[in-house]
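Structure first, then comments.
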Amino acid sequence: MSLHSLPTVNGGPPAATDNEFMTIYLDALTLVERLHRLLLDVIKDEFERVGVLEINAVQALLLFNIGDNEVTAGELKSRGYYQGSNVSYNLKKLVEMGYMHHQRCEIDRRSVRVRLTEKGRAVRDVVADLFQGHASGLQDKGVLDMNGLDEIATALRRVERYWTDQIRYIY
């Protein structure tokens, strides 16, 4: 069955069957997962190119996302940057290697606040430059324009909201 022969919804675009929608949904999920892994590979390659080999791509992305902020591991998780237990491990390693400062929170002594050192800010700048180059390249080569990128981001935010609601309603 071609897309043009599908029934329409309220005169709009053709409605997909449940199986067709499921196929496209699974393809989109695979693509999101693959893009994340590819992003990490691109960051890793950039750090190999500039000769920074002691940190991995996840740690470099962590430094980028912290930026000029002072945060706790819990705040990083709650912002959705890093899910899972490896955040604390990566923060500890980055402190040991001199990319971050850490200090116990005066209000809650169990909590540790971290911020970037000069060395950490240099890594953040490499990632920022890499992303700036990607943004320019996407536009210059006609891969995506502002409207296309905005549509993608809007659609992904809707999926994020839907999944978040699913998690909230389970409990």
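The values are calculated or read from the model by the stated rules, or taken from the named source; none is laboratory data. Just so it is clear, the structure is predicted and the values come from calculations on it, not from any experiment. With ideal geometry, Cβ positions are generated from the backbone for all residues, glycine too; neighbour counts draw on all protein chains shown. These area figures cover heavy atoms from the full protein model, side chains too; ligands, DNA and RNA do not enter into them. Shrake-Rupley method; radii C 1.70, N 1.55, O 1.52, S 1.80 Å.
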Worksheet item: Between VAL71, VAL159, VAL42, which gets the highest mean-square fluctuation from a Gaussian network model of the chain, Cα cutoff 10 Å?
Response: VAL159
Worksheet item: What residue among PHE47, PHE131, PHE64 has the largest mean-square fluctuation in a Gaussian network model of the chain, using Cα springs under 10 Å?
Response: PHE131
Worksheet entry | Within a Gaussian network of the chain (alpha carbon springs, distance under 10 Å), most fluctuating of ASP41, ASP68, ASP140 | ASP140
Discussion item. I need the phi-derived Karplus couplings for segment 68-73: 6.51 cos²θ - 1.76 cosθ + 1.60, θ = phi - 60°, integer Hz, Gly and Pro marked x.
Written reply: 8, 7, 10, 9, 9, 4
Item to complete: List the relative contact order of the chain as a percent without decimals, with contacts defined as Cα pairs under 8 Å and 6+ residues apart.
Response: 16 percent
Fill in: DSSP-loop GluC sites (Glu not before Pro) across segment 50-155, with at most 16 other Cβ within 10 angstrom
GLU54, GLU70, GLU106
Discussion item. So if a site counts as exposed when it's one of the trypsin sites (Lys or Arg not before Pro), its DSSP state isn't H, G, I, E or B, and it has at most 14 other Cβ atoms within 10 Å, what's the longest stretch of the chain without one?
Written reply: 1-78
Worksheet, complete the sentence: Given backbone amide H placed at 1.01 Å from N, residues whose amide H is under 5 Å from that of VAL112, ignoring those fewer than 5 places away on the same chain, are ALA73, CYS105
Item to complete: Return the ratio Rg/(2.2 N^0.38 Å) for segment 81-150, where Rg is computed over Cα atoms only.
Response: 1.57
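Would you work out what percent of the accessible area of the chain, with all protein chains in place, is carbon or sulfur (probe 1.4 Å)?
Ligands and nucleic acids excluded, carbon and sulfur give 56 percent.
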Worksheet item: THR117's amide H: which non-local residues (gap 5+, or another chain) put their own amide H closer than 5 Å, with H modeled 1.01 Å from N in plane and none for Pro or chain starts?
Response: MET100, HIS101
Response to the item:
Checked against the structure, the computed volume of the Cα convex hull per residue in Å³ among (i) 119; (ii) 158; (iii) 181 is the one labelled (iii)
Worksheet item: Where does helix 18-49 land angle-wise versus the long Cα axis of the chain, in degrees 0 to 90, nearest 10?
Response: 30 degrees
